[in-house]
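The values are calculated or read from the model by the stated rules, or taken from the named source; none is laboratory data. Quantities reported herein were computed from a predicted structural model and do not represent experimental measurements. Glycine also receives a Cβ, built like all others from the backbone with ideal geometry; neighbour counts cover every protein chain displayed.
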Amino acid sequence: MTAIVSSFESTDASSAEETWNRYFPGAVVGAVGRVGYRLRWDSVEIDGVLLYEADLTSAGHVVADPSDSLQVGHLVGSGLRHQSGRDRLGTGGAVLYREDQHVALTWDTLRARQAAFDRPAAQDLARTLTGDDLLILRATGTEALTEALGAHWLRQRDHTQRMLIAMHPASAPILEAELRRSLLVATLACFPTTFHAGVGVGQLRAAPATVRRALDYIDARAADPIGIDDIARAARMSVRGLQRAFQRELDTTPLARLREVRMRRAHDELIRTDPVTGDPVAVIARRWGFGHLSRFASAHRAEFGEYPHETRRR
Amino acid sequence: MPEMTRSRFASADKDVTEQLFRDRFGTVEFSRGSLAYEETTFTDDALRISDQRAHGDFDCGVEVPVFIAMFGSRSFHWELGSVRGTLDEPVMMRPGDSTSNSGSGASNLTVLDFQPGVLESVARVLYADDDLRVAFDSGRPVSATTGAEWISILRFTVAAEAVLDNDLLRATVFRSLAVSTLESFRLSGDRRQRVQTFEALQSAYRAAVAFFDDFASLPITVDDAARAAGVSQETLRLAFRAHSPLGFDPGRYLERSRLAAAHLDLVNADPTRGDTVTAIARRWGFGHLGRFARIYRGVYGVTPKWVLDR
């Protein structure tokens, strides 16, 4: 398992989306300033762990879905606005992204120092360290547990990236594996996740496979006219059982979750498509199962703080 | 988890400092000059890191009792037999070595001493060799590059001072130091062979874990997993010891996967539909109900019956 190192500088604004998408499939990049665009990128990737530093000198906007990986990052810059769902994230310290909320980021200039861990790798380690084989690793907050732990994590991130790059391409698999493992442990130790929930009766609360199957199905089929029966069938459960499981595990219902996913997709589409040549808001709303335009508009405002046509104009 | 102690020491009296080193290393002899000395030390049951500052001119002989690796300023001179050097390059001293050190003016050094047996037990797990005896061919790093790697990890650890009270983080950074010491200095034996072994065991571990997780409900054995991973049972045992974070052996891992599956079934079961603990236990290969209940309770803290009836 050797590290993959990538380091480049680009002044070609049209490649911005491609760059982000290489590392974050599905990231929506909007309005990256073409004047004075310069991206300096350094990254190293090893066995499900990606560490990168990105320096951007022109304004931009990104919406990304962090659910594929456990991501922690530290951002500085000017004109920075950093949101996870509707929560405004602080700047200054490193933050953990909640996997159930989209991350939206706008900036004038930006310097990001991030780490992204494949969820199964992080979860396996959390499971073996706690001895809880059913632990579902989820963020339970965004900020480090203490300021000292946040500072330590950032130092460890930088140290790990620097060493992995310095060691490249000489083969030092044992030390590389050790560095990777240490950073993973530090991430679990420093940020609030279900890793800290403890073992014992508490783990009965870990989302069982049925709920995960249902969530996967909702994510995969949100665009189709699916109903509660289909979700229950996919989860191999009764409708009532599934509703109870959702209430217990996620404090929501399957249909509320479906609606939430559809709302987010509709919102992404509003951001991504051109207000002039793209489909009208009403068509996008209908595509995602919202028949009443006015109800869609007020729900959208409740969720994202602005009306659909405002999102579109940005 | 073992406790960590941090202590500070400062003295302008050379005899007091000499006593500190005698308590730590046994035979220590300061012979010349005057010395003002201070240090900050972190100790747990694996190793001791001390950040030392000395001011003065001194000669000091030590009979080394444990593995000691150190790094510091050029003004600190060491001598091991016929080999001599200054501390601006890392050096490793081994149990049984006699060393003469001297310093003049201001010297800074960071000294790492491993409690007896620690390097050996880390090495045995890391390189999957129960008979491995830790011996170094010399006190020098393998190369300037590995020396620089070791220094980076040492510096990082010292800078992590504020979080060393966190048991998990301390165990992790201390382990990295031990691994880096084994990898950076000239450990006797065939280095390439060790790397190959490490990689082979890592892939055997992954293959076996995938096999156990996929087929936990079938009457599989550790032998089947070893065959699926293409290694012997003994090799698989070593692979688990090296790569399972909890050091589970393969049998224990298989039992855990079965227990986890049974747990999921219990959580989702409905006694009114006729689900019973016995049936679920049997489905996952636990023939003896009392034993299943005992293991289950040990891991999940409650009885299977309680979960079923909940």
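Overview of values
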{"read-out": "Lone qualifier among A:A104, A:A115 - being of a type in the set (A, V, I, L, M), more than 20 Å from A:W153 (Cβ to Cβ), assigned to a strand (DSSP E or B) and modelled with pLDDT of 85 or more", "value": "A:A104"}
{"read-out": "Output for segment B:182-199, where each listed residue is in a helix (DSSP H, G or I) and either surrounded by fewer than 16 Cβ atoms within 10 Å (Cβ to Cβ) or more than 11 Å from every other protein chain (Cβ to nearest Cβ) (or both)", "value": "B:R191, B:R192, B:Q193, B:Q196, B:E199"}
{"read-out": "Near pairs, Cβ below 7 angstrom, 6+ apart or cross-chain, from segment A:150-161 (more than 8 Å from chain B (Cβ to nearest Cβ) and crowded, with 21+ Cβ neighbours inside 10 Å) to any residue that is among the aliphatic types (A, V, I, L, M) and in a helix (DSSP H, G or I)", "value": "A:W153/A:A186; A:R157/A:L183; A:T160/A:L179; A:T160/A:L183"}
{"read-out": "Residue check, B:Q202 in a helix (DSSP H, G or I), polar (S, T, N, Q) and crowded, with 16+ Cβ neighbours inside 10 Å", "value": "yes"}
{"read-out": "Test result for B:D275, within 13 Å of chain A (Cβ to nearest Cβ), of a type in the set (D, E), outside any helix (DSSP H, G or I) and surrounded by fewer than 19 Cβ atoms within 10 Å (Cβ to Cβ)", "value": "yes"}
{"read-out": "Segment B:131-147, residues that are out of contact with any helix residue (DSSP H, G or I) (no Cβ under 6 Å at 6 or more places or on another chain) and farther than 18 Å from A:P173 by Cβ", "value": "B:D131, B:R133, B:A135, B:F136, B:D137, B:S138, B:G139, B:R140, B:A144, B:G147"}
{"read-out": "Qualifying positions in segment A:79-96 - at pLDDT 90 or above and either part of a strand (DSSP E or B) or within 30 Å of A:V35 (Cβ to Cβ) (or both)", "value": "A:V95, A:L96"}
{"read-out": "Hits in segment A:256-277 (condition: assigned to a loop (DSSP other than H, G, I, E, B) and either touching a residue at least 40 places away in the same chain (Cβ under 8 Å) or among the β-branched types (V, I, T) (or both))", "value": "A:T273, A:V276, A:T277"}
{"read-out": "Residues that are in a loop (DSSP other than H, G, I, E, B) and surrounded by 15 or more Cβ atoms within 10 Å (Cβ to Cβ), drawn from segment A:282-297", "value": "A:W288, A:G289, A:F290"}
{"read-out": "Failed item, numbered, when B:L164 is tested on (1) surrounded by fewer than 22 Cβ atoms within 10 Å (Cβ to Cβ); (2) within 17 Å of the chain's Cα centre (by Cα); (3) under 27 Å from B:R133 (Cα atoms)", "value": "(3)"}
{"read-out": "Every residue from segment B:119-166 that is part of a helix (DSSP H, G or I), of a type in the set (D, E) and within 12 Å of chain A (Cβ to nearest Cβ)", "value": "B:E149, B:E161"}
{"read-out": "Residue count for segment B:167-180, restricted to those that are more than 8 Å from the chain's Cα centre (by Cα) and at the interface with chain A (Cβ under 8 Å from one of its Cβ atoms)", "value": "4"}
